[in-house]
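All remarks here apply to the structure that follows.
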Amino acid sequence: MENKKIRVRFAPSPTGNLHIGGARTALFNWLYARHYKGTFILRIEDTDQVRSTEEAVNVILEGMKWLGLDWDEGPGKEGKYGPYYQMQRLPLYQKYTEELLKNKKAYYCYCTKEELTESRQKRTKEGKPLRYDRHCLNLSEEEKRRYEEEGRKPVIRLKIPAKKIVFNDLLRGEVNFEGELLSDFVIVKSDGIPTYNFAVVIDDALMDISNVIRGDDHISNTPKQILIYEALGFNLPKFAHLPMIMGSDHTRLSKRHGATSVMEYKEIGYIPEAVVNYIAHLGWSSGDEREIFSLEELVKEFSLDKISKHAAVFSIDKLNWFNSEYLKKRSVDSLVKMVIPFLKEANYIKEENLSPVKLEWLKEVIKLMQGRFKNFSQFIDYADYFFVDKIDIEPQAFQSVLNKEGISDILKALKEELSVLKCWDEKSIEDIVREIASSLQIKGGKIIHPIRVALTGKKIGPGLFELIVVLGQEKTIQRLEEAIEKLKVAETKK
RNA sequence: GCCCCCAUAGUCUAGGGGACAGGACACUGCCCUUUCACGGCGGCGACAGGGGUUCAAAUCCCCUUGGGGGCACCA
């Protein structure tokens, strides 16, 4: 066994959000590094000048931070292996390009897009593998000059040896490829910027990456990269290819499947630990029946051999369950803290700095709601009546529960009693409601539901009496009056 | 078309020659209950198919089928 220091990396290209799949790749790399007390590197692969943006870099960094995946080297944490943006590493790539050119392991290619397409079509027709026909492999200096004079800008291709390429994947065992079927692929584009396969190899080698852990969509890139390692005389890292994450229809996870980026989950109101816990279970299991793991526990338990080999379908139901579990375990105080930005966003509060009194009251609201919502957006939805002045009564609730014979009188009676209630506590309120019910010789439930609808506009929610306590006398009376008024209007319309 | 990877319920998974094929989500029945949720106790539901190997196959091998990925001057 090699006693090499573990160095792993997450190398996203900043062309969009940090999506669930990327986040899981990042997480597994991070867990691997932390488990083996190695180094976790974040490298930005921004060689696609058309699609890469600085905004996307920031979103990725934010996402990583939100998930709690800190990096030891990378943007903002320069180490001796930097820089960590590929576009800042151009001279490095150039050096190795020249080396390959000099050794005749790579060559200039002046073929145009049109010419390549044509040749590709021809090969398709002939039933041959789709690979470059090596038109430019042995160009004379004279021919090159002529192309240059035509204004053609060359790319550089790697000359692929016709041999078997075998590598040992840490998850899948031996994987074989036939070099003959590979094309002399481009390693440097005509603008002088290296392609992905070339840049990763140089970076992984120079950054001394010990284990390349990435999605299995890279399996077929691996033989190409191995050829580059060999051409350059670099040592090979170990490879581990993770199964993909897919949408419910078994196609690549995309917008059609709902929220796919990590930050969207933040915005909807998921707890980062829950997201991490869930995506950890997409393809990994501890081997026993536990499901809830903190980051620390994951670090302790994580190992590559417990990763499954087949793709996993992302399930929002299961994420919701994880989030609910975390929500239930969280202290009321921490939930208060987390919910405040959402209240602000919904305009339920003016600013995030709440007075001690307001804060105490909010705590009471959370106590009533804890366990009743799956994420903070849902909380905002379910608990709106605590925060708004005027509620909207759900039409269906109004018709089926409130707009019934005798309800108006009950609400009036309740209003009278509550208006003069001195002792605004659960017991006193319950006594009043129960008394009204028994005086009418009906069950408590019969009048509790309409009262709830009158006060909250909803058919569901916390226990009525505790809810009234927290709602407060003023709002309660006011809502009862409004409900009575609405019933009157409905009556005249009949 | 060619190459590669994969295959236990609707979903995530445990199990890797002898097990009642275990758990979780979802769905569902009952209990608790003023509603919803929580909680408790149940239920439905899987080894893709076919050949081998073996006393014995979900487990090992082969084929088929199915799914996924790749074959770019994207990463």
Taking A:Leu139 as the residue in question, decide whether it is assigned to a helix (DSSP H, G or I) and either touching a strand residue (DSSP E or B) at 6+ places or on another chain (Cβ under 9 Å) or within 13 Å of RNA strand B (Cβ to nearest atom) (or both). no
Would you point out which residue out of A:Leu298, A:Leu282 is in a loop (DSSP other than H, G, I, E, B), within 22 Å of the chain's Cα centre (by Cα) and either acidic (Asp, Glu) or modelled with pLDDT of 95 or more (or both)? A:Leu282
Restricting attention to segment A:116-124, does a residue exist that is near RNA strand B (Cβ under 9 Å from one of its atoms), among the hydrophobic types (A, V, I, L, M, F, W, C) and free of Cβ contacts under 8 Å to residues at least 24 places away in the same chain? yes
Filtering helices (runs of 4 or more DSSP H) wholly in segment A:366-443 for at least 1 residues that are within 16 Å of RNA strand B (Cβ to nearest atom), at pLDDT 95 or above and closer than 30 Å to A:Tyr265 by Cα gives A:376-382, A:384-387
Looking only at residues that are surrounded by fewer than 20 Cβ atoms within 10 Å (Cβ to Cβ) and small (Gly, Ala, Ser) in segment A:54-87, which one is nearest to RNA strand B (Cβ to nearest atom)? A:Ala56
Boolean, A:Leu295 is of a type in the set (A, V, I, L, M), away from RNA strand B (no atom under 14 Å from the Cβ) and touching a residue at least 60 places away in the same chain (Cβ under 8 Å): yes
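Rundown of residues vs (1) buried (at least 19 other Cβ atoms within 10 Å of the Cβ); (2) part of a strand (DSSP E or B), yes/no style:
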| position | (1), (2) |
| --- | --- |
| A:Ile41 | yes, yes |
| A:Ser52 | yes, no |
| A:Gln121 | no, no |
| A:Thr124 | no, no |
| A:Glu148 | no, no |
Just to be sure I understand the filter: pairs with C-beta atoms under 7 Å, separated by 6 or more residues or on different chains, first member in segment A:392-415 and touching a residue at least 24 places away in the same chain (Cβ under 8 Å), second member among the small types (Gly, Ala, Ser) and in a helix (DSSP H, G or I). Which pairs pass? A:Leu402/A:Ala454; A:Leu402/A:Ala483; A:Asn403/A:Ala490; A:Leu411/A:Ala454; A:Leu411/A:Ala483
By residue number, the members of segment A:175-189 that are surrounded by fewer than 18 Cβ atoms within 10 Å (Cβ to Cβ) and either more than 7 Å from RNA strand B (Cβ to nearest atom) or touching a residue at least 40 places away in the same chain (Cβ under 8 Å) (or both) are A:Val175, A:Gly179, A:Glu180, A:Leu181, A:Ser183
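The values are calculated or read from the model by the stated rules, or taken from the named source; none is laboratory data. What you are looking at is a predicted structure, and each value in this text was computed from that prediction instead of being measured. All Cβ positions, even for glycine, are placed from backbone atoms using ideal geometry, and neighbour counts span all protein chains on display.
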